[in-house]
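Enquirer: The structure under discussion is supplied below as structure tokens; questions concerning it will follow.
The values are calculated or read from the model by the stated rules, or taken from the named source; none is laboratory data. These numbers were taken from a predicted model, which means no experiment stands behind them. Ideal geometry is used to build each Cβ from the backbone, glycine not excepted, and the neighbour counts take in all protein chains shown. The protein model used for the area step is the full one, side chains on, heavy atoms only, and it has no ligands, DNA or RNA in it. Shrake-Rupley method; radii C 1.70, N 1.55, O 1.52, S 1.80 Å.
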Amino acid sequence: MCGIIGYAGQSGDTLDVLLGGLEGLEYRGYDSAGVALSNGDLSVCKREGELYHLQEAVDGGLDGPVGIGHTRWSTHGPPSNQNAHPHTDCSDDVAVVHNGIIENYDDLKDDLADRGHEFDSDTDTEVVPHLIEERLAEGATFEEAFRSAVARLEGSYALAAVSEDSEAILATRRDSPLVVGVGEDAAYLASDVPAFLDYTDRVVYLDDGEFARLESGSWTVSDAEGKLLEKSVSRVEWDAEETAKSGYDHYMLKEIHEQPRALRKCLRGRVDELTGSVEVDALEGLNPESVQFVACGTSYHAALFGAQALREAGVPAQAFLASEYAVAPPPIPDDALVVGITQSGETADTLSALREAQRRDARTLAMTNVVGSTAARECDGALFIRAGPEIGVAATKTFSSQVVACNLLAAALGDRGDAREVVEALRDLPGQVQELLDSSRAEQVAERFLDAKGYFFVGRDYNHPVSLEAALKMKEITYKHAEGFAAGELKHGPLALVTGKTPVFAVVTGDDETATKTVGNVKEVEARDAPVVAVTDGASEVERYADAVLEIPETHPRVAPVLANVQLQLVAYHTANKLGRSIDKPRNLAKSVTVE
Ligand code: F6R
């Protein structure tokens, strides 16, 4: 939620690095953007709207060896030039960018206003440059002033500041991500690695309460008292190519097509195809008797799947919305493991739920895509889904990888001895996804129902999380009403909404009793004139009642949801594309939600 970039290097390069970095961070927020560069004089430019407005406004005009930039997702005050970051002090000598929420900003602002400070914006952030200004006026150095301002803040923040009297960027974090990039003769700072991956893959992850000082080609990290810390430099595995669009119109489409590769990577080294055994290193030493999943949004849908898979494998398991778990946690059994499923590893609600579990002495595991993320670092173990960078705001490949990782958890922890069949199905899955991507008729289905007033998605058992996920994808990128239901629930209320203008997508796999019951629910909607789209492996009778069919190959019931979901990702994508929506950056959303 909001992206921060910083560069300390050579004049001439700064603006390009900042604007390029902001492009890589736009997925975190895109309602306004700004930069501040210092060369003994501070220049600031900021604009409401997507990044190109800022790019046009600066037009190469700013320079200096150090600079900071920001792309915003509004929390305090609507998108506007005034509310865009960086924010400055009264004399425009200090500029600050911020990600997070400063909870005591009202009090700080009142105090500062009483002492004569004037504010231009509605933001919480603006108090920070003014606090720095006050200490500078008392004779403090820039670093002393920055530390003293930070000491007065309550809430969550990643902060970076520049001043016209200094060639350093000062930065710190609490509950919001910040990473330093180590270049040959330059140092970088960002909310997330892809922002500077074109320049360096060597990174230093800041921990809460640490301070970084970046100067042209050098960096240091210190603790709250100013003591220098020895931080290790890690190498990230992602490369810049992986974060580019590679000829696709949208990141989302590229990422949908990356699923075969992502799934292979998730499985590599974790399954023994000969014996059917599954090895999940991240579980070493944890040996849980039960599992509680906490997650948000798409990751929560993967958690619903995971809990069902574990229960079926004989392990008591439940899935909780992280935002609810954090405020109203359930009892945690002694031998339980609390698993946070979070693509980014930075979602504030999920981190909060995991911390609540830790406070109650529970052991925790992060199932995440981002090595070095806060969740990965704070939990007792980390199971990486290895999907590679996901830039499109709508999660696609990471959901599939999460479902596969949940299957691995179920096979590793379960005691039913049927892992072999799941492993065989998982082995075939990447190839099946590829075939489906090559042959899908999702675009025609999207075209046919483009005028629909709303969309319903139904499924039972493992296909219930798929129906929820498909509806979320549809609403977030098409802006049309969409709901997912457990198929059996339709008749308990939602059926009243079903008309000839509301297509119902029914996910029906296998031909067991569950499938038969779902077919019964499909007949109920068909009788109300609703067009039915069956997403099916053809094993049941559902096609007889369907107006359109999206086929998937037959496979294990714990693996079929991935295939059904890929078809529905494509329906959502093509619907949004035909409606001309902003697919990679849907309105009001951001990829990494670091506020509660
Ligand atoms: C929807 C989507 C969100 C995220 C949610 C959690 O397409 O991407 O619902 O799933 O914000 O994010 P992570 O997984 O990063 O914790």
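Enquirer: Looking only at segment 307-316, which residues are outside any helix (DSSP H, G or I) and within 24 Å of the chain's Cα centre (by Cα)?
Expert: none
Every residue, every condition in (1) surrounded by fewer than 18 Cβ atoms within 10 Å (Cβ to Cβ); (2) acidic (Asp, Glu), yes or no:
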position	(1), (2)
222	yes, no
226	yes, no
233	yes, no
236	no, no
252	no, no
262	no, no
267	no, no
276	yes, no
281	yes, yes
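Enquirer: Go through 504, 542, 533 for me and flag whichever is in contact with a helix residue (DSSP H, G or I) (Cβ under 8 Å, 6 or more places away or on another chain), among the hydrophobic types (A, V, I, L, M, F, W, C) and touching a residue at least 60 places away in the same chain (Cβ under 8 Å).
Expert: 533
Enquirer: Restricted to segment 435-467, and to residues that are closer than 13 Å to residue 570 by Cα and of a type outside the set (A, V, I, L, M), which residue is least open to solvent (accessible area, probe 1.4 Å)?
Expert: First pass over segment 435-467, keeping only residues closer than 13 Å to residue 570 by Cα: 436-447.
Then keep just the ones that are of a type outside the set (A, V, I, L, M); that gives 438-441, 443-444, 447.
Working: 438: 113, 439: 79, 440: 30, 441: 126, 443: 83, 444: 97, 447: 99 Å².
So, considering only residues that are closer than 13 Å to residue 570 by Cα and of a type outside the set (A, V, I, L, M), the one least open to solvent (accessible area, probe 1.4 Å) is 440.
Enquirer: To continue, here is another question. Restricting attention to segment 468-485, does a residue exist that is closer than 30 Å to residue 591 by Cβ and surrounded by fewer than 16 Cβ atoms within 10 Å (Cβ to Cβ)?
Expert: The initial filter retains those residues of segment 468-485 that are closer than 30 Å to residue 591 by Cβ, namely 468-485.
Still in the running and surrounded by fewer than 16 Cβ atoms within 10 Å (Cβ to Cβ): 479, 481.
Within segment 468-485, one or more residues are closer than 30 Å to residue 591 by Cβ and surrounded by fewer than 16 Cβ atoms within 10 Å (Cβ to Cβ).
Enquirer: Could you check residue 378 against (1) within 14 Å of the ligand (Cβ to nearest atom); (2) buried (at least 19 other Cβ atoms within 10 Å of the Cβ); (3) over 21 Å from residue 486 (Cβ atoms) and say which number it fails?
Expert: Of the numbered conditions (1) within 14 Å of the ligand (Cβ to nearest atom); (2) buried (at least 19 other Cβ atoms within 10 Å of the Cβ); (3) over 21 Å from residue 486 (Cβ atoms), the odd one out for residue 378 is (2).
Enquirer: Do any helices (runs of 4 or more DSSP H) entirely within segment 370-467 hold 3 or more residues that are closer than 29 Å to residue 236 by Cβ, and if so, which?
Expert: Helices (runs of 4 or more DSSP H) meeting the threshold: 374-378, 397-413, 419-439.
Enquirer: Which is in contact with a Pro (Cβ under 9 Å, 6 or more places away or on another chain) and acidic (Asp, Glu), of 356, 258, 284? Working first, answer last.
Expert: On the way: 258 fails: in contact with a Pro (Cβ under 9 Å, 6 or more places away or on another chain); 284 fails: in contact with a Pro (Cβ under 9 Å, 6 or more places away or on another chain).
That would be 356, the only listed residue that is in contact with a Pro (Cβ under 9 Å, 6 or more places away or on another chain) and acidic (Asp, Glu).
Enquirer: So, in segment 318-348, of the ones that are assigned to a loop (DSSP other than H, G, I, E, B) and within 16 Å of the ligand (Cβ to nearest atom), which residue ends up surrounded by the most Cβ atoms within 10 Å (Cβ to Cβ)?
Expert: 347
Here's the yes/no breakdown for (1) under 22 Å from the mean Cα position of the chain (by Cα); (2) open to solvent by 20 Å² or more (accessible area, probe 1.4 Å):
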site	(1), (2)
36	no, no
61	no, yes
68	no, no
73	yes, yes
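Enquirer: Right, next: Would you tally the residues in segment 284-317 being of a type in the set (Phe, Trp, Tyr), within 13 Å of the ligand (Cβ to nearest atom) and open to solvent by less than 10 Å² (accessible area, probe 1.4 Å)? Working first, answer last.
Expert: Going through segment 284-317, the residues of a type in the set (Phe, Trp, Tyr) turn out to be 293, 300, 305.
Now drop any that are not within 13 Å of the ligand (Cβ to nearest atom), which leaves 293, 300.
From what is left, the residues that are open to solvent by less than 10 Å² (accessible area, probe 1.4 Å) are 293.
Final tally of qualifying residues: 1.
Enquirer: Which of the numbered conditions does residue 252 fail, given that it passes all the others? Conditions: (1) within 16 Å of the ligand (Cβ to nearest atom); (2) touching a helix residue (DSSP H, G or I) at 6+ places or on another chain (Cβ under 7 Å); (3) over 17 Å from residue 391 (Cβ atoms); (4) of a type outside the set (Lys, Arg).
Expert: Condition not satisfied by residue 252: (3).
Enquirer: Going residue by residue through segment 392-409, is there one that turns out to be open to solvent by 20 Å² or more (accessible area, probe 1.4 Å), in contact (Cβ under 8 Å) with a residue 24 or more places away in the chain and more than 11 Å from the ligand (Cβ to nearest atom)? Give the steps one after another, and end with the answer.
Expert: Step one: filter segment 392-409 for residues open to solvent by 20 Å² or more (accessible area, probe 1.4 Å), giving none.
Scanning segment 392-409, I find no residue that is open to solvent by 20 Å² or more (accessible area, probe 1.4 Å), in contact (Cβ under 8 Å) with a residue 24 or more places away in the chain and more than 11 Å from the ligand (Cβ to nearest atom), so the answer is no.
Enquirer: Quick one: residue 354 ticks every box in (1) open to solvent by 10 Å² or more (accessible area, probe 1.4 Å); (2) over 18 Å from residue 27 (Cβ atoms) bar one, so which box is it?
Expert: (1)
Results for (1) touching a helix residue (DSSP H, G or I) at 6+ places or on another chain (Cβ under 8 Å); (2) modelled with pLDDT under 95, shown as yes or no for each residue.
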| site | (1), (2) |
| --- | --- |
| 516 | no, no |
| 563 | yes, no |
| 570 | yes, no |
| 573 | yes, no |
| 584 | yes, yes |
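Enquirer: On to the next question. Can you go through 117, 98 and tell me which one is over 21 Å from residue 167 (Cβ atoms), in contact (Cβ under 8 Å) with a residue 24 or more places away in the chain and out of contact with any strand residue (DSSP E or B) (no Cβ under 7 Å at 6 or more places or on another chain)?
Expert: 117
Enquirer: Okay, next question. Output the qualifying pairs, or none if there are none: Cβ atoms under 7 angstrom, residues six or more apart or on different chains, first residue in segment 280-304 and over 30 Å from residue 477 (Cβ atoms) and in contact (Cβ under 8 Å) with a residue 24 or more places away in the chain, second residue assigned to a strand (DSSP E or B) and within 13 Å of the ligand (Cβ to nearest atom).
Expert: From residues that are over 30 Å from residue 477 (Cβ atoms) and in contact (Cβ under 8 Å) with a residue 24 or more places away in the chain, the pairs are 291/339.
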